[in-house]
Amino acid sequence: MGPCLPLEGVEVVCIEQAVAGPLASARLADAGAHVIKVERPEGDFARGYDDVAAGQSSYFVWLNRGKDSVTLDLASEDGKAALRALIGGADVLIQNLKLGSLERLGFDLGDLHTAYPRLITCSITGYGTQGPMAERKAYDLLVQAESGLCSITGGPSEPARVGMSIVDVATGSTAYAAILEALIARGRTGQGVRISVSMFDVMAEWLTVPLLNHEGCKTPTRVGLAHPSIAPYGAFQPKSGGPILMSVQSDREWRTLCARFIGAAELGTDDRFATNIARVRNRAETDRVVADAFARADHDDVIAALTAANIAFASVNDMAGLSAHPHLRRIEVETEGGTVALPAPAPIWDDAPRRYGPVPALKPLRD
């Protein structure tokens, strides 16, 4: 028998779908909580997003391992009674239904907290519970656009979507952290709490730096594979092989790069380049100097030189590169269609290795 996981004994009920809610509850399940996922009779619509993971949805397999799934028709009295019984035994209730849906089904959160004072509830919404857009439907890409994230993503010609569901993932991670805080607080006070997390609020807070730059009269622009406020920090093409993304984080590193890679130590103290502010102001010339040095050397020689100078760099990979990456750790989960290998969660627990339960099939409560 292995060591006790930190959330063993914690009961979680989730009325969830798609990504944000399931990610939060998946993290709780990984930590040992018993998670019951309540699905509509036709199932979480994320089950049908694609079929690439042993014939099942990659989203669903990723975010629902280790949970028990039950289907309930919450429009029926039997379904409502079954849900009420589940909530009565829960420590945590997570829901990401449309704003007001749970209340219209007869589950007012205030009433639930009166009936179950130790209950922690976490409601995930698009735009919060108040304000002019509270009733608006919200999905990941819509919030990427509404928050302004797309305006600083992509190349110079047009805004772009971040290439994965960053709003959903950020929101689910924020909800998970808030739930853990609530569990710690309940351990001290014995009282549960109501938590509300909105997708828009999460992304707006993540956009603090570009927002403050805009309000400081330095509105960010789209710069593709470059950093808006650090130079040189971007992708450069060697004489052979694929591009290499290189980052200089300090003026000292710039001087080292000039002396040991560019071969022009005097540029390290040149007024045009000596400070990061100057290099950003003269970005085109800064990048030209670095690009010329890259173009003189083959790919492997560039990597060797940057490594010797202790300058940070990365390959510009694609998904094939990640799939075969020597640093990629994987876990295996069982599904109806067979075993699926997924990227491993980032935390490594040396004293309590994690085991990851199977992905649940769709089944009624009474099966």
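The values are calculated or read from the model by the stated rules, or taken from the named source; none is laboratory data. Keep in mind it's a predicted model, so treat the numbers as computed, not measured. So basically every Cβ, Gly included, is an ideal-geometry build from the backbone, and we count neighbours across all protein chains shown.
Go through region 249-272 and count every residue that is touching a Pro at 6+ places or on another chain (Cβ under 9 Å) and more than 15 Å from ALA308 (Cβ to Cβ). Spell out how you get there, then give the answer.
Initial filter on region 249-272 (touching a Pro at 6+ places or on another chain (Cβ under 9 Å)): 254, 257.
Filter once more, so that each one left must be more than 15 Å from ALA308 (Cβ to Cβ): 254.
Total satisfying the criteria: 1.
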Where ALA85 falls short, out of the listed (1) over 28 Å from the mean Cα position of the chain (by Cα); (2) in contact (Cβ under 8 Å) with a residue 12 or more places away in the chain: (2)
Unmet criterion (only one of (1) within 23 Å of the chain's Cα centre (by Cα); (2) modelled with pLDDT under 90; (3) surrounded by 13 or more Cβ atoms within 10 Å (Cβ to Cβ)) for LEU362: (1)
Qualifying residues in region 295-342 (those that are touching a Pro at 6+ places or on another chain (Cβ under 8 Å) and free of Cβ contacts under 8 Å to residues at least 24 places away in the same chain) - the one farthest from GLU253 (Cα to Cα): ARG330
Among residues of region 219-263, those that are in the same structural domain as ASP298 (by TED's automatic domain parsing), outside any helix (DSSP H, G or I) and loosely packed, with under 14 Cβ neighbours inside 10 Å, counted: 6
Odd one out for TYR49 among (1) buried (at least 22 other Cβ atoms within 10 Å of the Cβ); (2) within 20 Å of the chain's Cα centre (by Cα): (1)
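Can you find even one residue in region 142-151 that is more than 30 Å from LEU212 (Cα to Cα) and not aliphatic (A, V, I, L, M)?
Step one: filter region 142-151 for residues more than 30 Å from LEU212 (Cα to Cα), giving none.
No: region 142-151 contains no residue that is more than 30 Å from LEU212 (Cα to Cα) and not aliphatic (A, V, I, L, M).
Would you check which residues across region 161-209 are touching a residue at least 24 places away in the same chain (Cβ under 8 Å) and not in a helix (DSSP H, G or I) and list them?
Step one: filter region 161-209 for residues touching a residue at least 24 places away in the same chain (Cβ under 8 Å), giving 165-176, 178-179, 182-183, 186, 190-204, 206-207.
Selection gives SER165, GLY190, GLN191, GLY192, VAL193, ARG194, ILE195, SER196, VAL197, SER198, LEU207.
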Qualifying position, being crowded, with 18+ Cβ neighbours inside 10 Å and among the polar types (S, T, N, Q), among SER198, SER173: SER198
Near pairs, Cβ below 8 angstrom, 6+ apart or cross-chain, from region 105-131 (assigned by TED's automatic domain parsing to the domain that holds LYS80 and free of Cβ contacts under 8 Å to residues at least 40 places away in the same chain) to any residue that is part of a loop (DSSP other than H, G, I, E, B) and loosely packed, with under 13 Cβ neighbours inside 10 Å: LEU105/ALA75
Matching entry among VAL289, VAL333, VAL316, VAL359 (being within 30 Å of GLY79 (Cβ to Cβ) and touching a Leu at 6+ places or on another chain (Cβ under 7 Å)): VAL333
Positions within region 45-64 being free of Cβ contacts under 8 Å to residues at least 40 places away in the same chain and out of contact with any Ser or Thr (no Cβ under 8 Å at 6 or more places or on another chain), in sequence order: PHE45, SER57, SER58
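Only one of LEU83, LEU72, LEU141 is assigned by TED's automatic domain parsing to the domain that holds ALA24, surrounded by 21 or more Cβ atoms within 10 Å (Cβ to Cβ) and of a type in the set (A, V, I, L, M, F, W, C); which?
Values: LEU72 fails: surrounded by 21 or more Cβ atoms within 10 Å (Cβ to Cβ); LEU141 fails: surrounded by 21 or more Cβ atoms within 10 Å (Cβ to Cβ).
When all the criteria are applied, what remains is LEU83.
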Test set (1) touching a Cys at 6+ places or on another chain (Cβ under 7 Å); (2) in contact (Cβ under 8 Å) with a residue 60 or more places away in the chain - GLN144 fails condition number: (2)
Scope region 52-69; condition crowded, with 20+ Cβ neighbours inside 10 Å and part of a loop (DSSP other than H, G, I, E, B); matching residues: SER57, ASN64, ARG65, GLY66, LYS67
Candidates ALA75, ALA160 - the one that is closer than 27 Å to LEU362 by Cα and small (Gly, Ala, Ser): ALA75
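Please find, among ALA320, ALA284, ALA278, ALA308, the residue that is closer than 30 Å to ALA231 by Cα, outside the structural domain of GLY79 (by TED's automatic domain parsing), surrounded by 11 or more Cβ atoms within 10 Å (Cβ to Cβ) and not polar (S, T, N, Q). Before you say what the answer is, go through the steps one by one.
On the way: ALA320 fails: surrounded by 11 or more Cβ atoms within 10 Å (Cβ to Cβ); ALA284 fails: surrounded by 11 or more Cβ atoms within 10 Å (Cβ to Cβ); ALA308 fails: surrounded by 11 or more Cβ atoms within 10 Å (Cβ to Cβ).
That would be ALA278, the only listed residue that is closer than 30 Å to ALA231 by Cα, outside the structural domain of GLY79 (by TED's automatic domain parsing), surrounded by 11 or more Cβ atoms within 10 Å (Cβ to Cβ) and not polar (S, T, N, Q).
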Test: residue in region 101-109 that is among the polar types (S, T, N, Q), out of contact with any Leu (no Cβ under 8 Å at 6 or more places or on another chain) and either closer than 18 Å to SER196 by Cβ or surrounded by 17 or more Cβ atoms within 10 Å (Cβ to Cβ) (or both): yes
Enumerated helices (runs of 4 or more DSSP H) restricted to region 74-148, each holding at least 3 residues that are under 18 Å from GLU11 (Cβ atoms): 77-88, 109-115
Which numbered condition PRO3 fails, given (1) at pLDDT below 95; (2) surrounded by 23 or more Cβ atoms within 10 Å (Cβ to Cβ): (2)
